[in-house]
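Inspection log for the structure reproduced underneath, given as structure tokens.
The values are calculated or read from the model by the stated rules, or taken from the named source; none is laboratory data. If you're wondering where the values come from, they're calculated on a predicted model, not measured in any experiment. Don't worry about glycine lacking a Cβ; one is built from the backbone with ideal geometry, like all the others, and counts go over all protein chains shown. Please note that ligands, DNA and RNA were not included when accessible areas were found on the heavy atoms of the full protein model with its side chains. Shrake-Rupley method; radii C 1.70, N 1.55, O 1.52, S 1.80 Å.
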Amino acid sequence: MAIFISTAVGTIFSFYILVQTRNFANMTKLSVNINKFATLRNARGGNMPDLLKVAADCERFGADGITVHPRPDERHIRYQDVRDLRPIVKTEFNIEGYPSPDFMDLVLEVKPEQCTLVPDPPGVLTSNTGWDTIRYQSFLRDAISALKAAGIRVSIFLNADVQMVEPAKTTGADRIELYTGPYAEEYHNALTQPQNLALFNDYKNTAREASNIGLELNAGHDLNLDNLRYFKLHIPQLKEVSIGHALVCDAIYLGLENTIQLYKRLLVD
Ligand SMILES: CC(=O)[C@@H](O)[C@H](O)COP(=O)(O)O
Ligand SMILES: NCC(=O)COP(=O)(O)O
């Protein structure tokens with residue numbers, strides 16, 4: 001009898017571990033982009049909010065990663081912030097930016113877990129398009145090979161365009177990050193009937209093509225508490241979302257810990 005009970009308990013426990021492992025493997029991670037905390041800090045010239053504390057707290061509250069985007073004008077995240085954050089970030093550090101010589105030097109010095117390359121020109125208000133992976137194939141290949149030689153996983157920012165996926169693979173990138181700005185705009189406009197999101201087929205097709213050729217999938221830009229769940233439910237291959245602007249705005253009203261938990265709940269399978 002005792003043998004039967006112990007066998008049954010062992011079987012149930014093993015099944016539980018199997019399910020949890022599968023869920024963990026499929027879960028979509030939340031990387032909190034802390035750019036806008038730096039915007040607030042820079043507004044007064046001091047060190048409030050303290051970015052190092054913000055990053056450590058975001059992880060303590062459940063963030064699976066920290067994302068920063070040090071732009072050439074250092075309007076929010078400064079290059080020194082990136083260096084200072086490295087020893088603080090214990091989950092995954094993701095540095096986003098255009099692969100200029102200065103940016104590449106910084107990333108190779110800091111060695112984050114992931115680098116996300118974006119085609120942003122210096123003066124742009126915010127990221128507003130993905131790479132033309134055909135036109136910039138050689139440029140991207142050179143940057144990506146240098147980053148991968150340093151052991152850094154590379155993601156490249158991409159519009160929802162199937163034509164750009166195969167060339168993204170040949171650049172050597174490990175992942176693509178779907179630029180979700182147009183999705184967010186269309187979702188807002190079609191709020192009453194999200195099933196009418198004609199554009200969304202481009203996202204599904206791009207995600208499917210990426211998955212078919214072995215590119216892992218991230219997504220980001222203008223994701224928020226309203227539009228995130230629909231995206232997560234209809235893009236099953238999603239490894240990670242990076243969210244900043246809306247999350248920081250939500251945290252002003254809802255608190256940072258509560259906000260991070262609200263976003264995490266929208267990412268469960
Ligand atoms: C690449 C992207 O969509 C965002 O990560 C970007 O970093 C936002 O930049 P700002 O915070 O400067 O608007
Ligand atoms: N890669 C997207 C990102 O890091 C945050 O974008 P947003 O949520 O600030 O628009």
Whole-Hz ³J(HN,Hα) for each residue in region 104-116, computed from phi via Karplus 6.51 cos²θ - 1.76 cosθ + 1.60 with θ = phi - 60°, x for glycine and proline: what do you get?
4, 4, 5, 5, 5, 6, 7, 6, x, 5, 9, 10, 10
Probe 1.4 Å - accessible area at Val268, Å² to nearest ten
80
Residues meeting the amide H criterion for Glu96 (H placed from the backbone, H to H distance under 5 Å, 5 or more places apart or on another chain) are Val68, His69, Thr116
For the chain, which longest stretch is free of loop sites, where a loop site is one of the trypsin sites (Lys or Arg not before Pro) that DSSP puts outside H, G, I, E and B and that has at most 15 other Cβ atoms within 10 Å?
136-269
So what's the convex hull volume per residue for the Cα atoms of the chain, in Å³?
167
So the angle from the long Cα axis of helix 2-26 to the longest Cα principal axis of the chain, reported in degrees to the nearest 10, equals 20
Can you list the lysines whose alpha carbon is less than 21 Å from that of Lys111, not counting same-chain residues fewer than 8 positions off?
Lys29, Lys53, Lys90, Lys148, Lys239
Determine how large the accessible area of Thr170 is when every protein chain is in place; take a 1.4 Å probe and give Å² rounded to the nearest 10.
60
In square angstrom, what is the accessible area per residue of the chain with a 1.4 angstrom probe?
49
May I ask for the angle, rounded to the nearest 10°, between helix 200-212 and the longest principal axis of the chain, with both axes built from Cα atoms and the value confined to 0 to 90°?
70
Segment Arg86-Tyr230, extension gain: residue separation times 0.36 nm, minus the distance between their alpha carbons
48.5 nm
At a threshold of 8 angstrom on Cα-Cα distance, excluding pairs fewer than six apart, so keeping six or more, what relative contact order does the chain reach in percent?
19
Per the charge dipole of the chain (beta-carbon charges, Lys/Arg positive, Asp/Glu negative, Cα centre), the residue among Asn33, Gly214, Ile3 reaching farthest to the positive end is Ile3
Leaving ligands, DNA and RNA out of it, rank Met104, Met27, Met48 by accessible area with a 1.4 Å probe, largest first.
Met48, Met27, Met104
Applying the Karplus parametrisation 6.51 cos²θ - 1.76 cosθ + 1.60 with θ = phi - 60° to the phi angles of region 256-267, what ³J(HN,Hα) value in whole Hz is obtained for each residue in order, glycine and proline being reported as x?
5, 5, 4, 5, 4, 5, 4, 5, 4, 5, 6, 9
